[in-house]
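Q: One structure coming up, written as structure tokens, with questions to follow.
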Amino acid sequence: MKTKNTIISCLILALGVMTSCDSFLDTMPDQRAELNTTKKVKDILISAYPTLLPMLLYEMRTDNMADNGELYSMPGNLMTRSYRYEDVGENDWDTPQELWDACYKAIAAANQALEAIEALGTPDDCLPYKGEALLCRAYGHFVLANTFCMPYDAEGAEGYLGIPYIKAPETTVDAVYVRGTLKDVYENMNADIEEALPYITDEAYAVPLYHFNKRAAYAFAARFNLFYGNAQKAAGYATEALGDEPVKSLRNLSGYGQFTKPAEWTVAFLNKDQTCNIMLIVNRTMWGRNYNNSKRYGHNKTIVTQETFWSKGPWKGGNIGELAAFSSVFGPDQNVYVPKCQEMFEITNQTAQTGQPHVTAFAFTTDETLITRAEAYVLLKKYDDAAKDLSDWYVSKGSTVRCSADDISNYYAKAKVTTVSKPLNPKFTTLDPGKQTNMIHGVLHARRIETIHEGKRWLDIRRYGIELTHNLVNESPVVLEPFDKRLAIQLPDAVTVAGLEKNPR
């Protein structure tokens, strides 16, 4: 599996760390040489965060979408092919090529910062930025690995194709790249994260919300270790991110019902004073104008009522939809949505009134991190601790009564398997039947509601081997079986043409 791939011509272009071979060789070494102060290192790290996250690529593949029929026009090619689990070859907005480029460009910036810090002699005032650079490098690879590789499990990871883990700035056009194994990638990410954590301090940033501040660093470490199969560390790191009283920092939506326009909801969701927001990342994406407009493949009222934010659950006093003030959701029955991903258009040419569409992504929040800890507790069989975390989430969304572990388990034991208790087939762990499996259903249900439209449901589908069926009107449905090879999205054409091995199909 460690076959080397010599990249012909200009693989670095395919890896997305420059716009052309000539421009890279002409400018990048000089730019690195100029990184001779802590401030310059700090400034380049602004570019170490991906300008695209796979919200569209992921969300269209989930059970949050359905084919609503020929009455509605088809969406764009990327949305259609993603819904059908087909490979995407073109290079356009939100495509695999765009994601690949965005992540490797961010990784390149992180590597430039790390090289500059070493050249400066690693002074103390650079240490927070060394930590940030290491986390950015790990995060970029984490996004890539969970897009283009199979889901991690300890027994299979050595046999799964990885992605190139880039640890140094690129200086040549004839570099040899190795996909390696998924095991290699996770070991490298783990090393970067563990080295970074002691260096992180909030005092390094004027606006910590857009950087790997301390809470964000530990929230990432928690998510990573959950995926890495280390529930004990995931729980510990989540606790570091959440503090002693996480319930006080969860998102309270009780006042959102006053908003009558989608943009007002989005502004409220993104408010920097919302303590639930741990780290935000601005994306250059069309998702903001697509997630709420696609009627043919949409998040329809049936899904909303049975499976997502109007579905029933163990919480008391009604359903989360009513309690969470989602009564003001917008859109027709074919695409009901929570307006938290509205596009923010940046005008770059005042004369022509043209510019760039953006959506701000919720990279890490206290709500999702609490659910991460609840999952870790369930895997550790600390069911009462998990129930406390889930109840904190229920209460923050308006539940009037807290739930015990038995309450949660009993509810999902009786829930319909076609909705919120779909069969689980994880490879990274063995779930006991009964309470442990039922509690995991509770965790996945909460996360599905909490992260609607963000694509994170796809990661749970991958990890837990959940079989999906996407209906196609007047066609046979598309079935995605547990650990189907299509869980690993195909590498961009430019990358495979340059020499990297394709994902098997």
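Q: Please determine whether any residue of the stretch 402-423 is β-branched (Val, Ile, Thr) and part of a helix (DSSP H, G or I).
A: yes
Q: Out of all the residues in the stretch 336-385, which are farther than 16 Å from Thr51 by Cα, open to solvent by 10 Å² or more (accessible area, probe 1.4 Å) and hydrophobic (A, V, I, L, M, F, W, C)?
A: Correct list: Ile347, Ala352, Leu379, Leu380.
Q: Moving on. Count, please, the residues in the stretch 463-505 that happen to be among the acidic types (Asp, Glu) and outside any loop (DSSP other than H, G, I, E, B).
A: Here is the first cut: in the stretch 463-505, the ones among the acidic types (Asp, Glu) are 467, 475, 481, 484, 493, 501.
From the residues that got through so far, the ones that are outside any loop (DSSP other than H, G, I, E, B) too are 475, 493.
So the count comes out to 2.
Q: Starting from the stretch 177-194, take each residue that is farther than 14 Å from Leu144 by Cβ and part of a loop (DSSP other than H, G, I, E, B) and list its partners that are of a type in the set (Lys, Arg) and at pLDDT 95 or above, counting only C-beta distances under 8 angstrom and pairs at least six apart or across chains.
A: Within 8 Å, no pair qualifies.
Q: So, one more: Can you work out which of the residues in the stretch 195-217 that are outside any helix (DSSP H, G or I) and loosely packed, with under 14 Cβ neighbours inside 10 Å is nearest to the chain's Cα centre (by Cα)?
A: We begin by selecting, within the stretch 195-217, every residue outside any helix (DSSP H, G or I); these are 200-201, 205-207, 211-213.
So of that shortlist, the ones also loosely packed, with under 14 Cβ neighbours inside 10 Å come out as 206-207.
Working: Ala206: 25, Val207: 22 Å.
Of everything passing the filter in the stretch 195-217, Val207 is nearest to the chain's Cα centre (by Cα).
Q: Only residues that are over 20 Å from Tyr58 (Cα atoms) and open to solvent by 10 Å² or more (accessible area, probe 1.4 Å): list them for the stretch 426-440, please. Please lay out each step first, then the result.
A: Step one: filter the stretch 426-440 for residues over 20 Å from Tyr58 (Cα atoms), giving 427-440.
Result: Lys427, Phe428, Thr429, Thr430, Leu431, Asp432, Pro433, Gly434, Lys435, Thr437, Asn438.
Q: Something else now. Please indicate, with yes or no, whether at least one residue in the stretch 58-73 is over 20 Å from the mean Cα position of the chain (by Cα), under 27 Å from Val176 (Cα atoms), assigned to a loop (DSSP other than H, G, I, E, B) and at pLDDT below 95.
A: Just the residues of the stretch 58-73 that are over 20 Å from the mean Cα position of the chain (by Cα), to begin with: 66-73.
Applying the additional criterion that residues be under 27 Å from Val176 (Cα atoms) yields none.
No, the stretch 58-73 contains no residue that is over 20 Å from the mean Cα position of the chain (by Cα), under 27 Å from Val176 (Cα atoms), assigned to a loop (DSSP other than H, G, I, E, B) and at pLDDT below 95.
Q: Also, I was wondering about something else. Working only within the stretch 245-261, note down all residues that are closer than 19 Å to Asn277 by Cα, open to solvent by 30 Å² or more (accessible area, probe 1.4 Å), touching a residue at least 60 places away in the same chain (Cβ under 8 Å) and assigned to a helix (DSSP H, G or I).
A: The one that is closer than 19 Å to Asn277 by Cα, open to solvent by 30 Å² or more (accessible area, probe 1.4 Å), touching a residue at least 60 places away in the same chain (Cβ under 8 Å) and assigned to a helix (DSSP H, G or I): Val247.
Q: Out of all the residues in the stretch 163-204, which are over 26 Å from Lys233 (Cα atoms) and among the charged types (D, E, K, R)?
A: Selection gives Glu170, Asp174, Arg179.
Q: I'd like to check something: does the stretch 404-416 contain any residue that is under 22 Å from the mean Cα position of the chain (by Cα), crowded, with 18+ Cβ neighbours inside 10 Å and under 22 Å from Glu481 (Cα atoms)?
A: The answer is no, given that none of the residues of the stretch 404-416 is under 22 Å from the mean Cα position of the chain (by Cα), crowded, with 18+ Cβ neighbours inside 10 Å and under 22 Å from Glu481 (Cα atoms).
Q: Just one of (1) under 27 Å from Met65 (Cα atoms); (2) outside any helix (DSSP H, G or I) trips up Leu390, so point out which.
A: Only one criterion in (1) under 27 Å from Met65 (Cα atoms); (2) outside any helix (DSSP H, G or I) is unmet by Leu390, namely (2).
Q: Another one. Going by the structure shown, is Ala324 out of contact with any strand residue (DSSP E or B) (no Cβ under 6 Å at 6 or more places or on another chain), open to solvent by less than 50 Å² (accessible area, probe 1.4 Å) and either modelled with pLDDT under 85 or more than 29 Å from Val401 (Cβ to Cβ) (or both)?
A: For Ala324, the condition - out of contact with any strand residue (DSSP E or B) (no Cβ under 6 Å at 6 or more places or on another chain), open to solvent by less than 50 Å² (accessible area, probe 1.4 Å) and either modelled with pLDDT under 85 or more than 29 Å from Val401 (Cβ to Cβ) (or both) - is met.
Q: Kindly establish whether Arg447 is under 28 Å from Met79 (Cα atoms), under 23 Å from the mean Cα position of the chain (by Cα) and modelled with pLDDT of 95 or more.
A: Yes; evaluated as a whole, the condition is true for this residue.
One line per residue, one yes/no per condition, for (1) surrounded by fewer than 18 Cβ atoms within 10 Å (Cβ to Cβ); (2) among the basic types (Lys, Arg):
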site: Leu226; (1), (2): no, no
site: Ala231; (1), (2): no, no
site: Ala235; (1), (2): no, no
site: Glu240; (1), (2): yes, no
site: Gly243; (1), (2): yes, no
site: Thr266; (1), (2): no, no
site: Ile278; (1), (2): no, no
site: Arg284; (1), (2): yes, yes
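Q: Looking at Glu170, Glu118, Glu98, which one is modelled with pLDDT under 95 and of a type outside the set (Lys, Arg)? So that I can check it myself, show each step before the final result.
A: Values: Glu118 fails: modelled with pLDDT under 95; Glu98 fails: modelled with pLDDT under 95.
Every option except Glu170 fails the conditions.
Q: Which condition from (1) touching a strand residue (DSSP E or B) at 6+ places or on another chain (Cβ under 9 Å); (2) in a helix (DSSP H, G or I) is the one that Met150 breaks?
A: Single failed check for Met150: (2).
Q: Inside the stretch 474-505, can you point out the residues that are touching a residue at least 40 places away in the same chain (Cβ under 8 Å) and among the polar types (S, T, N, Q)?
A: Asn474, Gln490, Asn503
Q: For the stretch 395-404, does any single residue satisfy the condition of being of a type outside the set (Ser, Thr, Tyr), without any contact (Cβ under 8 Å) to a residue 24 or more places away in the chain and either farther than 20 Å from Glu368 by Cα or in contact with a helix residue (DSSP H, G or I) (Cβ under 6 Å, 6 or more places away or on another chain) (or both)?
A: Yes, the stretch 395-404 contains at least one residue that is of a type outside the set (Ser, Thr, Tyr), without any contact (Cβ under 8 Å) to a residue 24 or more places away in the chain and either farther than 20 Å from Glu368 by Cα or in contact with a helix residue (DSSP H, G or I) (Cβ under 6 Å, 6 or more places away or on another chain) (or both).
Q: A follow-up question, please. Given the conditions (1) crowded, with 23+ Cβ neighbours inside 10 Å; (2) not in a helix (DSSP H, G or I), which single one is not true for His141?
A: (2)
Q: Any residue in the stretch 88-95 that is assigned to a helix (DSSP H, G or I) and surrounded by fewer than 22 Cβ atoms within 10 Å (Cβ to Cβ)?
A: For the stretch 88-95, residues assigned to a helix (DSSP H, G or I) and surrounded by fewer than 22 Cβ atoms within 10 Å (Cβ to Cβ): absent.
The values are calculated or read from the model by the stated rules, or taken from the named source; none is laboratory data. All of these numbers come straight from a predicted model, not from anything done at the bench. Note: ideal-geometry Cβ built from the backbone for every residue, glycine included; neighbour counts use all protein chains shown. The area values use the complete protein model at the heavy-atom level, side chains included, leaving out ligands, DNA and RNA. Shrake-Rupley method; radii C 1.70, N 1.55, O 1.52, S 1.80 Å.
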